[in-house]
Amino acid sequence: MSKGVFLCVGTGGHVLPAYNVIKSMLNQGLDKKNILVVTDERGVEYFKDKDIEIIVYPFVSSQKGIGAYLLKLIKMLKSIIFLYKSLKKHKPQFLFTTGAYIAPISAIVSKLLNVNFYIQEQNVYSGLGNKIAAPFSNIVFTSFPDTQNIQKNKINYCGPILNLDLNYKKTKVNSNFTIGFQGGSQGSEEINNLVYKICEDKRYLDVDIVHIAGKDNAIANTSRINYFPHNYIHDMELFYNSIDLQVSRAGGGVLEAAYLDIFQLLIPFKHGTTSSHQRLNAEYLEKINAAKIIDNYDDLTNEIDNFIKNKNKKINKFKIEAGNSVISEILLDELIK
């Protein structure tokens with residue numbers, strides 16, 4: 001039986017798009033037996049109890065650019081050999097990757113197997129892995145228009161892959177204004193520190209705070225009764241339906257809240273390989289009136305005050321279209337041709 005192979009590693013930002021496009025395909029009648037997931041130890045957590053065949057391997061990663069990859073050339077070659085041998089027996093119909101450090105390896109293996117290769121890029125500014133892999137691809141599906149740092153003739157702008165089961169009804173247990181803070185699945189020290197500061201700010205004692213601190217991060221030690229902390233939330237629909245405003249980083253995941261018509265205050269990551277794409281993501285959402293960029297605590301409180309003052313006015317004038325159907329239909333055609 002031929003399979004569609006989905007390669008996704010690392011944090012939820014890379015793994016959940018693969019999971020959601022698989023879900024879209026299964027909803028259209030695809031058998032789970034036609035799906036194979038390749039991931040690492042972090043990524044496998046998102047597929048537990050999903051009854052999908054999984055290959056787990058410690059793929060080479062680097063936060064220091066292409067030079068660091070070259071220094072790990074032997075490990076990369078071992079990864080390529082392992083992946084090629086593992087996939088060959090499954091007779092894959094295509095390889096699909098959501099980027100990061102597995103993308104270049106996936107690209108090479110797709111050529112060795114002589115199968116079509118697809119990439120999904122979540123950010124305005126493509127990551128290094130997808131940039132390297134793009135020349136090998138048939139299509140690069142993009143979440144944002146005018147994606148940069150990637151081969152243009154490969155691009156198919158279709159919108160982000162999202163959890164289409166989410167439904168934002170703004171069903172709240174009380175009438176208090178509520179702010180949701182999150183820094184991704186690993187959390188954000190910068191955002192967590194802003195939360196701890198606002199918890200002690202007497203101006204906002206009547207504001208409810210829902211805080212996703214990150215899996216391994218400490219929860220604030222505060223006596224505030226309307227502070228609701230979590231290390232991780234599996235039911236994001238419950239989170240979104242409890243908030244009026246979100247404060248977060250600006251990775252590709254911010255399109256989920258934008259899709260649900262939730263206004264955001266964004267704090268782009270300022271360091272490392274993600275700094276360029278987070279700033280550009282945030283600038284795009286700010287341009288379409290879906291968000292405001294903030295850089296410090298004063299910015300945060302000023303924007304909260306402005307949002308509360310104008311909360312009865314319709315300031316959200318944006319529309320995000322999901323790319324799930326476009327991508328899943330192309331991949332399904334691959335499996336049935």
Of the residues that make up the range 99-111, is at least one surrounded by fewer than 24 Cβ atoms within 10 Å (Cβ to Cβ) and in a loop (DSSP other than H, G, I, E, B)? no
Among (1) free of Cβ contacts under 8 Å to residues at least 60 places away in the same chain; (2) crowded, with 22+ Cβ neighbours inside 10 Å - the single one PHE181 does not satisfy: (1)
Do we find that LEU26 is of a type outside the set (Phe, Trp, Tyr), touching a strand residue (DSSP E or B) at 6+ places or on another chain (Cβ under 8 Å) and not in a helix (DSSP H, G or I) in this structure? no
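Which ones in the range 1-22 are in contact (Cβ under 8 Å) with a residue 40 or more places away in the chain and closer than 19 Å to MET236 by Cα?
Narrowing the range 1-22 to residues in contact (Cβ under 8 Å) with a residue 40 or more places away in the chain: 1-18, 20-21.
Within the range 1-22, THR11, GLY12, GLY13, HIS14, VAL15, LEU16, PRO17, ALA18, ASN20, VAL21 meet the criteria.
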Only residues that are more than 21 Å from LEU162 (Cα to Cα) and at pLDDT 95 or above: list them for the range 132-147, please. ALA133, ALA134, PRO135, PHE136, SER137, ASN138
Filter result (of a type in the set (Ser, Thr, Tyr) and closer than 19 Å to VAL15 by Cα) within the range 221-247: TYR232
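Got a sec? Which of ILE336, ILE219, ILE288 is under 30 Å from SER2 (Cα atoms) and either touching a Lys or Arg at 6+ places or on another chain (Cβ under 8 Å) or surrounded by fewer than 20 Cβ atoms within 10 Å (Cβ to Cβ) (or both)?
Numbers: ILE219 fails: under 30 Å from SER2 (Cα atoms); ILE288 fails: under 30 Å from SER2 (Cα atoms).
One residue alone meets the criteria, ILE336.
Looking at ILE35, ILE108, ILE132, can you tell me which residue is out of contact with any Gly (no Cβ under 8 Å at 6 or more places or on another chain), farther than 28 Å from PRO268 by Cα and of a type outside the set (Gly, Ala, Ser)?
Numbers: ILE35 fails: out of contact with any Gly (no Cβ under 8 Å at 6 or more places or on another chain); ILE132 fails: farther than 28 Å from PRO268 by Cα.
Among ILE35, ILE108, ILE132, only ILE108 is out of contact with any Gly (no Cβ under 8 Å at 6 or more places or on another chain), farther than 28 Å from PRO268 by Cα and of a type outside the set (Gly, Ala, Ser).
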How many of the residues making up the range 46-91 are at pLDDT below 90, surrounded by 12 or more Cβ atoms within 10 Å (Cβ to Cβ) and of a type in the set (D, E, K, R)? 3
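The values are calculated or read from the model by the stated rules, or taken from the named source; none is laboratory data. Remember, predicted model here, so these are calculated numbers, not experimental data. FYI the Cβ positions are ideal-geometry reconstructions off the backbone, even for glycines, and counts take in every protein chain you see.
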